[in-house]
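The values are calculated or read from the model by the stated rules, or taken from the named source; none is laboratory data. Treat the numbers as computed from the prediction; the structure is a model and nothing was measured. Counting neighbours? That spans all protein chains shown, and the Cβs are built from the backbone with ideal geometry, glycine included. For accessibility, only protein heavy atoms count, side chains too; no ligands or nucleic acids. Shrake-Rupley method; radii C 1.70, N 1.55, O 1.52, S 1.80 Å.
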Amino acid sequence: DVSKTQVFYKVNHKNHEEVKGSAWIEITPCPVTIKANNASKVYDAPEPAEFTATVSGKPGNGVPGNYSVARVGGETAGTYDIIVTEGSNPNYTVTTEKGIFTIHKKGGVMSASVKDGGVDVVYDGNAHRITVNVTCPDNGYTIEYKLPGGSYGATNPGKVNVSESGEVHYRVTHPNYN
C-alpha cells in the first residue's frame, strides 16, 4: 500500500563495531488509466448485461482498481457516452477515459408504398396528391416529398392541371429504423 515508513537497522559482527542507522521506504501511487470499452446494440434490443473497462498501467501484483462503468441514458439510435466513475483507489493515481455506446438503427421493419400506385384522374380542377402508406412498429417517422430536380420537404405537392402531370418523389425516415 502507499505509505512512507522509516526502517531502523543494526548490524553486529564480533570483529567489527556495531553499525546503526535508518532509511525511509516510500511507496507512491502508481498511475493507471481506466478506459470504458465501447459497446453497442440495435434499437429496441436489450442493453448489454454489463459495461466494462480496460485498466492499463496496473502492476501485475497490484490490487484491482475500484470503479464502476455506466452509460449516459438515451434510447433512440445514435451515440452516447460510457462513463467510468472512480471509487477509492489509494494505491493509484487514476485517469479515466470515456467509451462510446452506439444504438444502431433497426433494419427491415419499416416499409412504404404509394396507395394504388399513384394518382390517375381526369381533369376536374381539384388538386390531387399521392398518398403514402407507411408500415412501422411505432410513430415518429417523417414523410417528405419532392418534384424532380427539387429538394425534399414536408409539403406534398398537389397537381391540378394536365400540364402539371409528372413524378412526385417521396422518402420516409425514422430515427430508429432503416
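Observations on the structure shown:
- Residue selected from the range 28-75 under the condition under 20 Å from residue 4 (Cβ atoms) and in contact (Cβ under 8 Å) with a residue 40 or more places away in the chain, by the criterion farthest from the chain's Cα centre (by Cα): 29
- Selection within the range 61-107: residues that are closer than 30 Å to residue 26 by Cβ and out of contact with any strand residue (DSSP E or B) (no Cβ under 7 Å at 6 or more places or on another chain). The member of this set that is surrounded by the fewest Cβ atoms within 10 Å (Cβ to Cβ) is 61.
- Considering residues of the range 108-117 that are over 27 Å from residue 72 (Cα atoms) and touching a strand residue (DSSP E or B) at 6+ places or on another chain (Cβ under 8 Å) only, the residue most open to solvent (accessible area, probe 1.4 Å): 115
- Taking the range 20-45 as the range and being hydrophobic (A, V, I, L, M, F, W, C) and surrounded by 15 or more Cβ atoms within 10 Å (Cβ to Cβ) as the test, the residues that pass are 30, 32, 34, 36, 39.
- Filtering the range 46-60 to residues that are open to solvent by 40 Å² or more (accessible area, probe 1.4 Å), under 26 Å from residue 31 (Cβ atoms) and among the small types (Gly, Ala, Ser) leaves 56, 57, 60.
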